[in-house]
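Right, one structure below, let's go through it.
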Amino acid sequence: MKVAVTASGPDLESQVDPRFGRCQYLVIVDPETMQFEAVENSGTAAQGAGVATGQLVASKGVKAVLTGNCGPNAHQVLSAAGVQVITGVSGSVKDAVAKYKSGQLKPALEPDVPAHYGQG
């Protein structure tokens, strides 16, 4: 199983980026082995960034997203793809995955910010 963490950098020590659609990187982690792949988020400036980032996450076979905030369009794309959305996450990517693995983080059943949040 893989989880995607929105991040400000390309490794496990990077901080969680609070923006889902406009995060700088997605760090995709196997919580059991902590092996990871960093993917630069190319849709950060475009209209529909949340949808594009949600589609990218779904294409990677991710089962959960750990992020600070998630808007309605991205949340809808992720939910339709069967990806759990967990918001309110902060700290390092490594710490976020550890909290997820220990059951401290719970899925968000709805978006926690309005559309176009974090646009600038």
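Every read-out reported here was derived from the displayed coordinates using simple, explicitly stated rules and does not represent laboratory data. In this text the structure is predicted, and so the values were computed from the model without any measurement. Every residue, glycine among them, receives a Cβ derived from its backbone with ideal geometry; neighbour counts consider all protein chains shown.
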* Asked: What strands (runs of 3 or more DSSP E) lie completely within the range 1-47 and have 1 or more residues being surrounded by fewer than 16 Cβ atoms within 10 Å (Cβ to Cβ)?
  -> 36-40
* Selection status of LYS106, part of a helix (DSSP H, G or I) and surrounded by fewer than 19 Cβ atoms within 10 Å (Cβ to Cβ) -> no
* Go through the range 96-112 residue by residue and tally those that are without any contact (Cβ under 8 Å) to a residue 60 or more places away in the chain and closer than 20 Å to TYR25 by Cβ. => 3
* Report, by residue number, each residue of the range 85-95 that is over 11 Å from the mean Cα position of the chain (by Cα), touching a residue at least 12 places away in the same chain (Cβ under 8 Å) and closer than 10 Å to LEU12 by Cβ. => SER92, LYS94
* To do: May I ask you to list pairs of residues, at least six apart or on different chains, whose Cβ atoms are under 7 Å apart, with the first in the range 23-34 being closer than 18 Å to GLN55 by Cβ and the second being among the hydroxyl-bearing types (Ser, Thr, Tyr) and assigned to a strand (DSSP E or B)?
  => CYS23/THR6; LEU26/THR6
* Asked: Listed residues SER79, SER59; which is free of Cβ contacts under 8 Å to residues at least 12 places away in the same chain and exposed (fewer than 15 other Cβ atoms within 10 Å of the Cβ)?
  -> SER59
